[in-house]
Amino acid sequence: MINLKDGLRRHLTLAAYGALCGLIFWLLVRDGEAVGDAQTAAATAVAIAGVILAFTLSGVRPRWSALFAVMCGTIAGGVVWWNLRAGPQADSSAYGTGFVWQYLCLFAALAIALPAYQTVRDEDRRRLPYETLHQHSWGNIVIAMGAGGFVLAVSLLFALWASLFNLIGVKIFGELFAKPVFSAVIGGATVSLGISLAREWSAVMNAMQRALVSVLSVLTPFLAFVLLLFLCFLPVTGLSALWDTTRHATPLMLGAVLFALLLANAVVRETNGQAPSFRILRSGAAALGFVMLPLAVIATVSTGRRIDAYGLMPDRIWAMIFTGFAIAYGLCYLWPLIRGFNGWADAVRTANVRLGLALGAVFLLLATPVIDFREISARNQTARLMSGKAPVETFDFAALKFDLGAPGRDALSDLRGIGDHPQAKRIRQEVARIDKTPSPWEAHASREAADAATQTRAALKRMSVYGGKRAIPTTLIDYLSNPGIDFDHQLKACGGTRSRCMAVIADLNEDGREDAVFFRERCTQAEEKPTCWSTTYAYSQTADGWREGLGREGTYFSDSDGSIIKALEAGKLDIVPRDGVELRVNGKRVAGID
């Protein structure tokens, strides 16, 4: 039997094992797109087992490590196969990427299980001393960084090797290195050897770990100051400022909680004796423990507002789960702080172990398709539509077809035969439109065009009309709301602080039909008097409907304030019959209609 306590033999054993795993991995996936679900799952199991064994195999209980690696590989392969067969990825017509979160949860569960196993192996009993668990957790991060650097160096070495011989016309090495089987075998050996070597350099790794933790701990009071200042400003600005300025309040708050959690633990460390002696660092860590819960609550409120406004979708359900984790950590860090500052660090260490294990179990559950977030979302969205909480005009039918997979399409099938809804006909029309849409991108473009048309109609109905009595004709509103006219871009500036719009509706051609001229104007204060830039858009009505007339841009001045719209409001409009018709405001020619 190989003596794994000998460093060289362990390195060679893991390198050979990694090369074997790489070869098996290549044999399983070499068919590319023709690879089946079972092959993909088996390849995942081989890769995970190889990496886990490289992290854990040593002269201490090697059989435990081999069994743990096989168990992790089997679980990972089984989860991947389950998702491929029954999860979101099994639905090839679903364009959503919700399954990515499931694989990230699988990775997180394995990352939590790894230091837990290493601690049990070293302690030879079913207990998890925080000091050992903390060392393995941070140590694995540093080892992964060191192994990544080794893999990069080996890759550059082979690239240099091939390039040098290509210069003298010897291409055999470049062609060999480019073969997938070579990359798989050498890649597997390099990863395993890199991890094994990084573990062997314990003094270097420990120094890197201490340096990383020390650097992060220095940032603790700065982050605490920023987050406390942010919370102090909230009573002044109000939470509404968060919703008005960004749609990403939840990820921002969760990112702040995660960063605070990382830096707080960089100060807490494994024991009180190893924690920094500087009072400002300890106080900064405690301040971070205080702010995590308020930030998590803000993230929860933000997520709740989005769900209340737009209903459930898989990404919002994930957001709910992550905010729940954040609140749990916030409570576990805040409550001991309320009870007393002196025992806070010990309470946090205990909470870290319990929450970490619970988190790992939840992550493993979420990695499986036991709970289908698409089905939950489809039911919720349909219920909102049927209850009238989500208007038909703004309901995202495309999400049911393209983002929610089979459950969403089942919901669309139910809506095709709907008959007991006040807008049943409109719903069936929208479903028929989505049925004809081949991709989510076309559905998105169609939705944007429909939204633009709705906004154009609303803006035209609100627009001021010269004389104050006439309204913009419905037929003209229908014409300008057509996506092909692209009139919504002309209306975006209307209603701003410096921009105004007004319409003139009159029989400009004296043919018994109403015509229209739209004015869009922006004024700035000059040294002596305001300067106004005005753009006009003219439309004439014919027997075949509306058509676009002559548009003209220019800079206008007048004796009063230079504003054409103010001149219109004062009634200074003249229609002059000439070749065609000439429109004059405040005595100046504006536009002609051919």
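The values are calculated or read from the model by the stated rules, or taken from the named source; none is laboratory data. Given the structure is predicted, the values throughout are model-derived calculations rather than measurements. Reconstructed Cβ throughout: ideal geometry from the backbone, glycine too, with neighbour counts over all protein chains shown. Only protein heavy atoms, including side chains, enter the accessible area calculation; ligands, DNA and RNA are left aside. Shrake-Rupley method; radii C 1.70, N 1.55, O 1.52, S 1.80 Å.
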Region 102-149, convex hull of Cα, quarter of hull surface, nm² -> 3.8 nm²
What shape does region 214-307 have by the C-alpha gyration tensor, where a ≥ b ≥ c are the square roots of the eigenvalues, rounded means a/c under 1.5, and otherwise prolate means a/b greater than b/c and oblate the rest? prolate
For region 244-364, what's the radius of gyration and Dmax over Cα atoms, in angstrom? 15.6, 51
For region 40-85, diffusion coefficient by Stokes-Einstein and Kirkwood Rh (Cα), 20 °C, 1.002 mPa s, µm²/s: 204 µm²/s
Give the range of the longest stretch in the chain that excludes all trypsin sites (Lys or Arg not before Pro) found in loop regions by DSSP and having at most 14 other beta-carbon atoms within 10 Å. 248-388
Contact order normalised by length for the chain, with contacts defined as Cα pairs under 8 Å and 6 or more residues apart; what percent is it? 10 percent
Can you pull the percent of the chain's accessible area that's carbon plus sulfur, 1.4 Å probe, other chains left in place? 61 percent
Kirkwood Rh, the chain, all Cα pairs: how many Å? 30.2 Å
Dividing the alpha-carbon radius of gyration of region 294-451 by 2.2 N^0.38 Å, where N counts its residues, gives 1.39
Alpha-carbon spread of region 142-204, three principal axes, descending order, Å: 44, 21, 13
Residues of the chain: accessible area per residue at 1.4 Å, in Å²? 52 Å²
Between exposed GluC sites (Glu not before Pro) in the chain, where DSSP calls loop and at most 13 other Cβ atoms lie within 10 Å, what's the longest gap? 1-392
Looking at region 371-508, how many pairs of lysines come closer than 22 Å at the Cα, when each pair is eight or more places apart or spans two chains? 7
Using only Cα atoms and rounding to the nearest 10 degrees, what angle (0 to 90) does helix 279-310 make with the longest principal axis of the chain? 50 degrees
